[in-house]
Amino acid sequence: MWRKLIICTSFLALAACSSDEPQRADVAEHVSAPLFRITPRSAGPVNAGTPYSSKALQALLPGFEVRPIETAVEHTTLPAFAAFSNGLQVAQFLKGSDGKVGQVFGVSDRIVGPNGERIGMTISQLRINRASCRMGQDLWTDMAICPAHGTSNISLVFAVPGYRGPLDQLPPPDELKDAILQRIVWKAA
């Protein structure tokens, strides 16, 4: 109960926290234009050289509101900046060790991954190989983490509806196929 409360408060803008069901959308429902694309080189206008500051992020993201938040990473919660579009959180920016943006989390179906991934899609829709995935730990327990096809610095974090364990092992293939994408995680190279 407490773990779920902590995770839900960390995922402020995810619809998954408004109910017991993870955020889900069908491929056909993704008709809205993307706000930006995450690629191995950048997360939209943000790249490995982007200073970690609200002023720098706001300059790169005109039309967005950038404000401080706290977010869950796999092993802890951290301060971050979030970009909001029309009041909805679409991305989170975490500080790297060098004063630059170190990670970006795409948390809205308006952010597109390198292969067309969008929040709400399932592992089966994205044709992800189960063998490339692992189970998350600590705050991301019961989440499957998989690399995006053809990348080494982009991970996809999936909720596995109804999976109750064992939490250190991936669910059976018939359960994992319905896992729902919750975050697209870009790490600065």
> Using 0.36 nm per residue, how much length does the chain from ASP168 to GLN137 gain when fully extended, once their Cα-Cα distance is taken away?
Replying inline: 10.4 nm
> Protein chains only, probe 1.4 Å: how do GLU70, GLU175, GLU117 rank by accessible area, largest first?
Replying inline: GLU70, GLU175, GLU117
> For ASN86 and SER124 in one chain, what is 0.36 nm times their gap in residues minus the Cα-Cα distance, to one decimal in nm?
Replying inline: 10.6 nm
> For the stretch 46-91, rounded, prolate or oblate, judged on the Cα gyration tensor with a ≥ b ≥ c (square roots of eigenvalues), a/c < 1.5 rounded, else prolate if a/b > b/c?
Replying inline: oblate
> Using only Cα atoms, what Kirkwood radius does the stretch 88-189 have, in angstroms?
Replying inline: 13.9 Å
>> Expected output is a single nm value to one decimal: the length gained when fully extending between SER97 and ALA33, i.e. 0.36 nm times separation in residues minus the C-alpha distance. What is it?
In response: 19.7 nm
> Residues with amide H under 5 Å of THR50's amide H, sequence separation 5 or more or different chain, H placed in the peptide plane at 1.01 Å from N; which?
Replying inline: VAL101
> What's the carbon and sulfur percent of the stretch 59-189's accessible surface, probe 1.4 angstrom, rounded to a whole number?
Replying inline: 49 percent
>> Give me, ordered by chain and number, the residues 5 or more places off ILE69 or on other chains with an amide H under 5 Å from its own placed amide H.
In response: ALA80, PHE81, ALA82
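The values are calculated or read from the model by the stated rules, or taken from the named source; none is laboratory data. Being a predicted model, the structure only gives us computed values, none of them experimental. The protein model used for the area step is the full one, side chains on, heavy atoms only, and it has no ligands, DNA or RNA in it. Shrake-Rupley method; radii C 1.70, N 1.55, O 1.52, S 1.80 Å.
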